[in-house]
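The values are calculated or read from the model by the stated rules, or taken from the named source; none is laboratory data. Given the structure is predicted, the values throughout are model-derived calculations rather than measurements. Here Cβ is always computed from backbone atoms with ideal geometry, including for glycine, and neighbour counts include all displayed protein chains.
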Amino acid sequence: ASTGADGSEGYDLVVVANRLPVDFSVGDDGEVDWQRSPGGLVTALEPVMREADGAWVGWSGAPDLAHEPFEADGMLLVPVTLSAGEIERYYEGFSNDTLWPLYHDVIAPPTYHRQWFDAYRKVNQRFAEAAAAQAAHGGVVWVHDYQLQLVPKMLRELRPDLRIGFFDHIPFPAVELFQQLPWRKQIIEGLLGADLVGFQRGGDASNFLRSVRRLTGHTTRGSIVTTLDEHGRPGRRVRAAAFPISIDTNYFDQLARSPEVQARAKEIRTDLGDPDVMMLGVDRLDYTKGIRHRIKAYGEILQDGRIDVEHTTLVQVASPSRENVGAYQELRDDVEVLVGRINGEFGELGHSAIHYLHHSYPPEEMAALYLAADVMLVTSLRDGMNLVAKEYIAARHDLGGVLVLSEFTGAADELAPGPLLVNPHDIDGMKDIIVAAAHMEEREKRRRMRNLRRKVMADDVAKWSKAFLGVLTAVPSRSSHV
Ligand code: G6P
């Protein structure tokens, strides 16, 4: 650990997230190597951490991989080791087969297993201990996302001197859904170990506050929770509020202005046979993203003859995700059958209806795709924020392109009325809007994109983290105890 200006040991800002911002690989020679890893959270936090002199505690992404803390990109990376069994029960199980579907409005049925929760608790304790070992006295620890909701309370027990923040990157469900969770009380108490609990939307914060009132004895007033101790005496105060996340807007803007990316965007269109309209979907292959609904609508538009494959094409990037979880395997099969059927029925030699790419790409290629696409389709059934929508806007310095955006994203709360909003469950409504997007007049496109860029370019991820950390550190630590 570093020695701070005040002579104390440890890091003043410690980020705790399930993943480190790098992926490890072990070579044939047994050498451990690392590269950047994908994911919205990483994209969001990397610039923040590069500026602060901080430490980042997270999982390496591989089983049983133990590695000493090491310096990278101006921060200390602290790997947490998970066994293969823990990855199955804590990561694939409780995080992504219990919490993920429950928090996304049970689009897929959540599975409740007591052994999974035991692993979740154990792994959360390991993350809390790793963070406690790195943080300077009185330092700030910022815990991220649904995989680590027990960490704030565990960390407070280990280190009552710390200022603790938690940010939930995904939706927080209505209490009627949340209360299904057999461990609902433990989760709420875990989160209330923080001084500040942040959410994407005001609606998520209210859902959380309602759950606190309904499921615990603690009292709430506005956005403040006052915890009650076992004797019913008022204890600490915890604030719950919305901090809508953003992206490194300048980075995407600059990337899209670079001659290489612009040339690549032209090349993409040429490779596609110079369509009049190129539509684009970019998602992790996840059932929350509404990929099936989108492709179904697209197939029907072709069927109805409202577009044809010679003039219009859809590129669907679906990056591989959580491939050991059953619901994700089923989704992949469904999407691939659907894409195959539509291509078989409507495709012609040299003209595919849908270009389906089960890959992830570096940001340069993403920026080129954004720049090439006339219509961007974001049709999530539920989405905490959706950073792809913001990346598309940041890339369109030329004011071209139309964003079709689901009402069920956090981004819709922020960006309306600039995007064409859709309800992905309403296939007919979505078809009409996709067709309207394809035919939108240049002037109208530019007007909308200018509005969207005004909102997105002003609120980058640095501002987001400053806002969160500002509120977290504003309250003198003593006053967080009544
Ligand atoms: C979402 C979650 C992140 C997660 C990312 C990628 O954005 O909010 O916490 O890191 O998906 O998912 P994965 O399971 O691969 O980490």
Response to the item:
Those residues of region 70-86 that are touching a residue at least 24 places away in the same chain (Cβ under 8 Å), more than 15 Å from Gln125 (Cα to Cα) and not in a strand (DSSP E or B) come to a total of 3
Item to complete: Restrict the check to region 441-451 and report whether at least one residue is closer than 23 Å to Leu381 by Cβ, surrounded by 21 or more Cβ atoms within 10 Å (Cβ to Cβ), modelled with pLDDT of 95 or more and among the hydrophobic types (A, V, I, L, M, F, W, C).
Response: no
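Is it the case that some residue within region 274-290 is assigned to a helix (DSSP H, G or I) and either at pLDDT below 95 or more than 16 Å from the ligand (Cβ to nearest atom) (or both)? Step through it out loud before you land on a result.
In the first step, residues of region 274-290 are kept if they are assigned to a helix (DSSP H, G or I); the result is 287-289.
Now restrict to residues that are either at pLDDT below 95 or more than 16 Å from the ligand (Cβ to nearest atom) (or both): none.
Checking region 274-290: not a single residue is assigned to a helix (DSSP H, G or I) and either at pLDDT below 95 or more than 16 Å from the ligand (Cβ to nearest atom) (or both).
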Worksheet item: Could you give every pair whose Cβ atoms fall below 9 Å, whose first residue belongs to region 129-155 and is touching a residue at least 24 places away in the same chain (Cβ under 8 Å) and in a strand (DSSP E or B), and whose second residue is within 13 Å of the ligand (Cβ to nearest atom) and among the acidic types (Asp, Glu), counting only separations of at least 6 or pairs across chains?
Response: His144/Asp168
Item to complete: Within region 182-214, track down each residue that is assigned to a loop (DSSP other than H, G, I, E, B), out of contact with any Asp or Glu (no Cβ under 9 Å at 6 or more places or on another chain) and surrounded by 22 or more Cβ atoms within 10 Å (Cβ to Cβ).
Response: Leu192, Ala194, Asp195
Item to complete: Taking only region 228-244 into account, find how many residues are under 27 Å from Asp145 (Cβ atoms) and either charged (D, E, K, R) or in contact with a helix residue (DSSP H, G or I) (Cβ under 9 Å, 6 or more places away or on another chain) (or both).
Response: 9
Discussion item. Residues that are in contact with a Lys or Arg (Cβ under 8 Å, 6 or more places away or on another chain), of a type outside the set (Gly, Ala, Ser) and surrounded by fewer than 22 Cβ atoms within 10 Å (Cβ to Cβ): does region 128-144 have at least one?
Written reply: yes
Worksheet item: Would region 158-166 turn up any residue that is assigned to a helix (DSSP H, G or I) and touching a residue at least 12 places away in the same chain (Cβ under 8 Å)?
Response: yes
Worksheet item: Residues in region 299-315: is at least one more than 16 Å from the ligand (Cβ to nearest atom), under 30 Å from Thr111 (Cβ atoms), modelled with pLDDT of 95 or more and not in a loop (DSSP other than H, G, I, E, B)?
Response: no
Discussion item. I need every pair where a residue in region 300-324 that is farther than 20 Å from Gly429 by Cα has its Cβ under 6 Å from the Cβ of a residue that is among the charged types (D, E, K, R) and in a loop (DSSP other than H, G, I, E, B), sequence separation at least 6 or different chains.
Written reply: His311/Asp276; Ser321/Asp286
Fill in: Near pairs, Cβ below 7 angstrom, 6+ apart or cross-chain, from region 205-219 (farther than 22 Å from His169 by Cβ) to any residue that is of a type in the set (Ser, Thr, Tyr)
Arg213/Thr220; His218/Thr226; His218/Thr227; Thr219/Thr226
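Identify, from the list Gln125, Gln149, the residue that is within 21 Å of Pro21 (Cα to Cα) and in contact with an Asp or Glu (Cβ under 9 Å, 6 or more places away or on another chain).
Step by step, each of Gln125, Gln149 is checked, and only Gln149 is within 21 Å of Pro21 (Cα to Cα) and in contact with an Asp or Glu (Cβ under 9 Å, 6 or more places away or on another chain).
Can we say Lys390 is in contact (Cβ under 8 Å) with a residue 40 or more places away in the chain and within 26 Å of Tyr103 (Cβ to Cβ)? Walk me through how you get there before you give the answer.
Numbers: in contact (Cβ under 8 Å) with a residue 40 or more places away in the chain: yes; within 26 Å of Tyr103 (Cβ to Cβ): yes.
When the stated conditions are applied, Lys390 passes them.
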Item to complete: From Gly193, Gly139, grab the single residue that is away from the ligand (no atom under 16 Å from the Cβ) and either acidic (Asp, Glu) or farther than 27 Å from Ala66 by Cα (or both).
Response: Gly193
Worksheet item: If you check Leu177 against the conditions, is it hydrophobic (A, V, I, L, M, F, W, C), within 16 Å of the ligand (Cβ to nearest atom) and at pLDDT 95 or above?
Response: no
Item to complete: Being touching a Pro at 6+ places or on another chain (Cβ under 9 Å) and modelled with pLDDT of 80 or more is the filter; apply it to region 24-57 and report the residue that is farthest from the ligand (Cβ to nearest atom).
Response: Ala55
